[in-house]
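Have a look at this one.
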Amino acid sequence: MAEPRRDEQARRFSALVAGRLAQNRWTLVAGIMAVLAVHRLGGGSWQLTAAIIVILFAVTAIAPRRTRGQRKADRAAAADRNGLDGLTAQSLAEAVGDPLVIFDAAGSAVHANEAALGAFGVIAPGMSMMMKFRAPEMQSLFERVRTGVVPSAVVDYSERVPIERVYRVTASSIGRGTGLFVVVFKDQSETRRIDRMRADFIANASHEMRTPLASIAGFVETLRGPARDDAKARDHFLQIMQNQTARMARLIDDLLSLSRLEMKPYLPPGATVDVRLVLQSVIDSLGPLAEESGVVIERQFADTPVELRGDRDELFQVFENLLENACKYGQSGHRVTVSIETGTAGGTEVAVTIRDYGPGIPEEHIPRITERFYRVDVDTSRAQKGTGLGLSIVKHILTRHNARLTIKSEVGKGATFTVHLPLK
């Protein structure tokens with residue numbers, strides 16, 4: 001029994017020695033090379049050199065072996081030293097894109113990142129957060145977090161000047177027992193604006209559809225009742241109903257066009273189009289409308305091609321909307337001019353201008369005239385069978401073409417709509 005136990009112990013000892021030699025092999029190799037170098041330079045005896053090498057082997061064999069857990073811990077410590085331990089709280093705060101302020105238990109600012117300084121102005125160290133943000137919801141937020149009532153809290157906060165901004169504000173403590181807290185401002189302005197636009201759009205679309213539907217329902221009721229046997233009244237009512245259904249059809253077509261454009265607002269057009277030919281096609285197609293409105297369309301551009309990247313059908317829709325509006329709403333001026341100017345904006349754009357000489361547009365309406373369903377004069381627009389979506393469609397198409405629309409007008413002197421199209 002003793003013999004096998006001695007053999008097992010010998011195997012374990014041999015494995016231990018081999019493992020330690022393997023683990024410290026590079027240290028051993030370096031030591032042997034150093035001893036050989038000294039022997040070569042110093043000229044000592046080989047017996048001494050061999051003895052030193054044997055001692056190196058012995059020391060390496062009996063040196064304590066580091067476990068896998070120890071090596072893993074050493075690597076983790078090195079990573080910490082080279083990673084997060086090398087970062088300051090200030091550098092971490094600056095890496096956050098949203099406004100962020102660190103404050104202490106007294107409610108005084110400790111550090112504000114660049115985004116916070118850009119959004120709220122000066123927030124110097126030591127400044128009272130209660131004095132900087134005086135809204136009741138912010139006061140309550142700071143008080144609850146810094147007194148430990150709750151570990152974190154969220155409120156909505158609005159800034160009215162210089163422009164209206166809405167923030168979702170989150171405040172929480174930093175670590176345990178540090179006495180520091182952080183407040184982060186997440187800008188929700190664009191989300192809120194889109195929500196308002198969506199709500200306004202649904203309300204306006206419902207209103208626009210309700211009016212013709214109510215009119216049709218009323219005439220149907222009349223035709224089934226008092227006007228059942230009145231042929232003249234029946235023809236009159238049916239004509240009105242046809243006009244109302246046509247108006248609803250136009251409204252639905254415009255809504256579908258707008259929806260399609262919003263699904264691909266920045267998709268660059270891939271074809272080359274001659275703007276001159278597109279404009280001529282629009283003028284020809286609207287000739288009957290211009291004649292009916294008593295308007296003469298004056299063509300003020302040469303016959304030379306004006307080519308650029310764009311979608312022909314969409315540009316046709318842009319110019320058709322603008323020229324149709326000029327004929328309808330500027331008919332009191334009795335003429336509309338259409339011109340093309342190349343090489344504008346330092347030779348990078350083509351400017352297409354459609355000008356009428358009608359009543360013009362009051363200045364306060366111009367910034368909003370491309371909004372959906374926005375009308376300068378509701379009665380006039382409906383009388384002209386407008387849907388209130390034409391200029392909104394124009395704006396979306398031009399956005400897709402990386403183009404823009406400028407509007408100039410003076411009451412009593414007409415309106416000028418200019419489409420600026422990039423040449424490249």
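How about the stretch 253-280: which of its residues are more than 22 Å from Leu389 (Cα to Cα), at pLDDT 85 or above and not β-branched (Val, Ile, Thr)?
Asp274, Arg276, Leu277, Gln280
Out of all the residues in the stretch 183-199, is one or more part of a helix (DSSP H, G or I) and either over 36 Å from the mean Cα position of the chain (by Cα) or of a type in the set (Phe, Trp, Tyr) (or both)?
Looking through the stretch 183-199, none of the residues is part of a helix (DSSP H, G or I) and either over 36 Å from the mean Cα position of the chain (by Cα) or of a type in the set (Phe, Trp, Tyr) (or both).
Please identify the pairs in which a residue from the stretch 411-424 that is on the phi > 0 side of the Ramachandran plot and in the same structural domain as Pro305 (by TED's automatic domain parsing) has its Cβ atom under 8 Å from the Cβ atom of a residue that is of a type in the set (Asp, Glu) and part of a strand (DSSP E or B), counting only partners at least 6 apart or on another chain.
These pairs meet every condition: Gly414/Asp356.
Scan the stretch 75-90 and give yes if some residue there is modelled with pLDDT of 75 or more, within 30 Å of Phe185 (Cα to Cα) and either polar (S, T, N, Q) or in contact with a Leu (Cβ under 6 Å, 6 or more places away or on another chain) (or both), otherwise no.
No: the stretch 75-90 contains no residue that is modelled with pLDDT of 75 or more, within 30 Å of Phe185 (Cα to Cα) and either polar (S, T, N, Q) or in contact with a Leu (Cβ under 6 Å, 6 or more places away or on another chain) (or both).
Does Phe120 satisfy the criteria of being modelled with pLDDT of 90 or more and under 30 Å from Arg193 (Cβ atoms)?
When the stated conditions are applied, Phe120 does not pass them.
List pairs: first in the stretch 344-362 and among the aromatic types (Phe, Trp, Tyr), second part of a loop (DSSP other than H, G, I, E, B), Cβ under 9 Å, 6+ apart or cross-chain?
Close Cβ pairs satisfying both conditions: Tyr357/Gly330; Tyr357/His334; Tyr357/Lys413; Tyr357/Gly414.
Right, next: Phe142 versus (1) closer than 30 Å to Ala105 by Cα; (2) in contact (Cβ under 8 Å) with a residue 60 or more places away in the chain; (3) among the hydrophobic types (A, V, I, L, M, F, W, C): which is the lone unmet condition?
Every listed condition holds for Phe142 apart from (2).
Let me ask another. Give the number of residues within the stretch 145-179 that are of a type outside the set (S, T, N, Q) and within 17 Å of Lys132 (Cβ to Cβ).
Qualifying residue count for the region: 12.
For the stretch 102-172, give me every one of the helices (runs of 4 or more DSSP H) that falls completely inside it and has 3 or more residues that are over 32 Å from the mean Cα position of the chain (by Cα) and closer than 13 Å to Asp187 by Cα.
none
If you take just the strands (runs of 3 or more DSSP E) that sit entirely in the stretch 262-369, which of them hold at least 2 residues that are of a type in the set (D, E, K, R)?
It comes to 296-300, 307-309, 335-343, 349-356.
Let me ask something additional. Please determine whether any residue of the stretch 295-308 is crowded, with 16+ Cβ neighbours inside 10 Å and touching an Asp or Glu at 6+ places or on another chain (Cβ under 6 Å).
Within the stretch 295-308, not a single residue is crowded, with 16+ Cβ neighbours inside 10 Å and touching an Asp or Glu at 6+ places or on another chain (Cβ under 6 Å).
Just to check your reading of the model, which residue among Ser173, Ser152 is in contact (Cβ under 8 Å) with a residue 24 or more places away in the chain and out of contact with any Cys (no Cβ under 8 Å at 6 or more places or on another chain)?
None of the other options fit; the residue is Ser173.
Return the residues of the stretch 357-370 that are out of contact with any Ser or Thr (no Cβ under 8 Å at 6 or more places or on another chain) and of a type in the set (Asp, Glu); say none if nothing qualifies.
If the condition is that a residue be out of contact with any Ser or Thr (no Cβ under 8 Å at 6 or more places or on another chain) and of a type in the set (Asp, Glu), then Glu364 is the only one that fits.
Examine the stretch 171-178 for a residue that is modelled with pLDDT of 85 or more and over 17 Å from His111 (Cα atoms), and state whether such a residue exists.
For the stretch 171-178, residues modelled with pLDDT of 85 or more and over 17 Å from His111 (Cα atoms): absent.
Just checking, how many residues over the stretch 241-259 are within 21 Å of Arg400 (Cβ to Cβ), touching a residue at least 40 places away in the same chain (Cβ under 8 Å) and not acidic (Asp, Glu)?
3
The values are calculated or read from the model by the stated rules, or taken from the named source; none is laboratory data. These numbers come from a predicted model, not from an experiment. Heads up, the Cβs are rebuilt from the backbone with ideal geometry, glycines too, and the neighbour counts pull from every protein chain shown.
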